[in-house]
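Heads up, the thing below is written out as structure tokens.
The values are calculated or read from the model by the stated rules, or taken from the named source; none is laboratory data. All values reported here derive from a predicted model rather than from experimental measurement. Cβ: placed from backbone, ideal geometry, glycine included. Neighbour counts: every protein chain shown. When the accessible area is computed, the model is the full protein with side chains, heavy atoms only, and any ligands, DNA or RNA have been set aside. Shrake-Rupley method; radii C 1.70, N 1.55, O 1.52, S 1.80 Å.
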Amino acid sequence: MTLRWLACELHTHTIHSDAAHTLEEMAGVARELELDWIALTDHNTVSGWAGKERVEREQGIRILPGLEWTTFYGHMLTLGANVLHKADWRLTGPDDIDEGISGIHQSGGLAGIAHPFRMGSPICTGCFWEFAIGKWRALDYIEVWNGTSPNTKAFNERAYRFWTELLNLGIRLPAVSGRDWHHSQVSKETTIAVTYLGIGGEGALAGQSQHAEHAELSPHVPAADWGEQQLLEAIRQGSASVTLGPLLTLQVRDSGSAESSTAEIGRIYQTGEVVGMQSNGSSRWSVTIEADFEVRKRQWMIAEQELRLRLVGSKGTVAEWGIPAASVTVEACPDLSGELWLRAELYGSMNGQTGLLAFTNCIYVEEQA
Ligand SMILES: [Zn+2]
Ligand SMILES: [Zn+2]
């Protein structure tokens, strides 16, 4: 199955809450940034949703309706059109979160934690996540990169480590970026992350028929792209890759063993999927990482250098390559026994800052009896 990767910005604000721009202005800039979708997530209001269809039509970009549920105890992003009719946004006690999340799920929406470790009160009231979080499994995603130049911020580093700890506990939580977009003035040194969401074969066809009535919305975008449900499903699944530039993708291919059924041999797993291991051995699993430097090329620059590409698992670094700042595909046949998950990470320097440049979501590994 070949995935189609859509460039998305999943955390934005307009003048309907505390931002400087209108939805129209932001959508115009988003189109210049070659984004396919933006999620509108104003603080505790959906008044900005009015006129969404007109802006989509005029600017040739898709808008996913959402909201940032902003309380004194934490900020939670919700995505999906029906979310607001079900959830009661006045619930703001530290123990009310479970009820809020189940309301969101009943309406078919998604709930994600925004910037869990950003400085809280008095700098930003409620920015630090303080809800009772015994039930991380109930959440749909975590925003591990918040704001512009996200790889330079300590609170994001902490969120990334926290995500890794959750994964190591067996909690399969997808991770995304969010610009927390409030205005469009950025300096030259600023880098902007995007989350690519992978929309798949069958889903794409379903979306085509389901959303055929929207096909006339924009002449710029093929009908197959018009699917809010597909987008939500990609986030829910973890069919996602976060980057400051090149698109990183990760696949595991089952090369088969003596006991393999023919259905298993050749099967390809994408991020968000679970590889079921019946027999170990290094030869059976072939892992492919692809770094695509052709995507949204006008929007970012990585100078010539040797970048570090890593395959990481729950036990640490599984494999590592030095690669040029150019499109490349690498392969490994690692022993996956004892691993709970795998992801790819790209390190290097960009705009004078050295660090993590891109990462994929996880392919999970499960030992079967
Ligand atoms: Zn927030
Ligand atoms: Zn926000």
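Of the residues Asp18, Asp254, Asp98, the one with the largest accessible area comes first in the ranking Asp18, Asp98, Asp254, computed with a 1.4 Å probe on protein heavy atoms. Determine the share of the range 245-367's accessible area contributed by carbon and sulfur atoms, expressed in whole percent, with a 1.4 angstrom probe. Heavy-atom surface of the range 245-367 belonging to carbon and sulfur, 1.4 Å probe: 45 percent.
Taking other residues whose beta carbon is less than 14 angstrom from the beta carbon of Leu77, and scoring Lys, Arg as +1 and Asp, Glu as -1, yields -3.
In straight-distance terms, cross-link reach from Lys153 covers every one of the aspartates and glutamates whose alpha-carbon lies under 18 Å from its own, apart from those fewer than eight places away in the same chain; here that gives Glu143, Asp180, Glu189, Glu345.
Computed from the C-beta positions of Ser187 and Glu165 and an R0 of 35 Å, the FRET efficiency is 0.55 to the nearest 0.05. Heavy-atom accessible surface of the range 4-197, averaged per residue, reaches 40 Å², computed with a 1.4 Å probe.
Averaged per residue, the range 230-319 has 43 square angstrom of accessible surface, using a 1.4 angstrom probe with ligands and nucleic acids left out.
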